[in-house]
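Structure, as structure tokens:
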Amino acid sequence: MSGYHVFSGQIYKVGIIRFVDVPVDVSRAIGEGAIHVPVVGEVEGVPLRSTLVSRGGGYYRLAIHGDIRKKLRVDAGAVVEIAIQRDEENREPALPPALVFALRNAPKAQAAFRKMTTALRRQVVRYLTSVQQQATMERRVAEFVRRLELRSLQNPKPEGKRRKK
């Protein structure tokens, strides 16, 4: 597995999610200071595609998804061997034409959509397209864009200025 960083880590639980801490040398080599780092690799030989999340100070943690834990029959407390490398593939979802058209005609909604994380955009597209009829998808798209527009009107934030709490 050329180009992969291999390490062992103990699974721990935060809320309902299980994580493994990524060693500092691997964090520095892969992360480059980013908040979210897309990675691919394996956990005990089971394929993995995930995102490292920052835990502060240049360190990252890796979520061990439920499907992987079930295949390996492991949970919090288990030590697993992990091989990861940065994922350079594009993770942007393919937008349905109805959404492209609707966003093109709603610049504030388009800006709000672009500010979402890639993962959230994928989730939105999955919801919008998980229908049997085109008319249902078009209704969902119209409602989604309407809500984004309303949100941008209710929460206008001047560029370059932060709101005081």
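The values are calculated or read from the model by the stated rules, or taken from the named source; none is laboratory data. Because the structure is a prediction, the values reported are computed rather than measured. Virtual Cβ from ideal backbone geometry, glycine too; neighbours counted across all protein chains shown.
Counted as qualifying within the range 21-117 are the helices (runs of 4 or more DSSP H) with 2 or more residues that are modelled with pLDDT under 95, over 30 Å from Glu138 (Cβ atoms) and not aromatic (Phe, Trp, Tyr), namely 24-31, 66-72. One residue stands out in the range 72-116 among those that are surrounded by 12 or more Cβ atoms within 10 Å (Cβ to Cβ) and among the polar types (S, T, N, Q): the one that is nearest to Val46 (Cα to Cα), namely Gln85.
Residues in the range 3-20 that are in a strand (DSSP E or B) and exposed (fewer than 14 other Cβ atoms within 10 Å of the Cβ): Val6, Ser8, Gln10, Lys13, Val14, Ile17. Picking from Ser54, Ser8, which residue would you name as being out of contact with any Leu (no Cβ under 9 Å at 6 or more places or on another chain) and closer than 22 Å to Thr117 by Cβ? After applying the criteria, what remains is Ser54. Yes or no: Arg126 modelled with pLDDT under 95 and within 25 Å of Ala34 (Cα to Cα)? For Arg126, the condition - modelled with pLDDT under 95 and within 25 Å of Ala34 (Cα to Cα) - is not met. Tell me whether the range 33-43 contains one or more residues that are surrounded by 12 or more Cβ atoms within 10 Å (Cβ to Cβ), of a type in the set (D, E, K, R), under 18 Å from Val20 (Cα atoms) and touching an Asp or Glu at 6+ places or on another chain (Cβ under 6 Å). No, every residue in the range 33-43 fails to be surrounded by 12 or more Cβ atoms within 10 Å (Cβ to Cβ), of a type in the set (D, E, K, R), under 18 Å from Val20 (Cα atoms) and touching an Asp or Glu at 6+ places or on another chain (Cβ under 6 Å). Among the residues of the range 117-132, those identified as buried (at least 16 other Cβ atoms within 10 Å of the Cβ) and of a type in the set (A, V, I, L, M, F, W, C) are Val124, Val125, Leu128.
Considering the conditions (1) modelled with pLDDT of 95 or more; (2) within 14 Å of the chain's Cα centre (by Cα); (3) among the aliphatic types (A, V, I, L, M), Leu120 is excluded by exactly one of them, (1).
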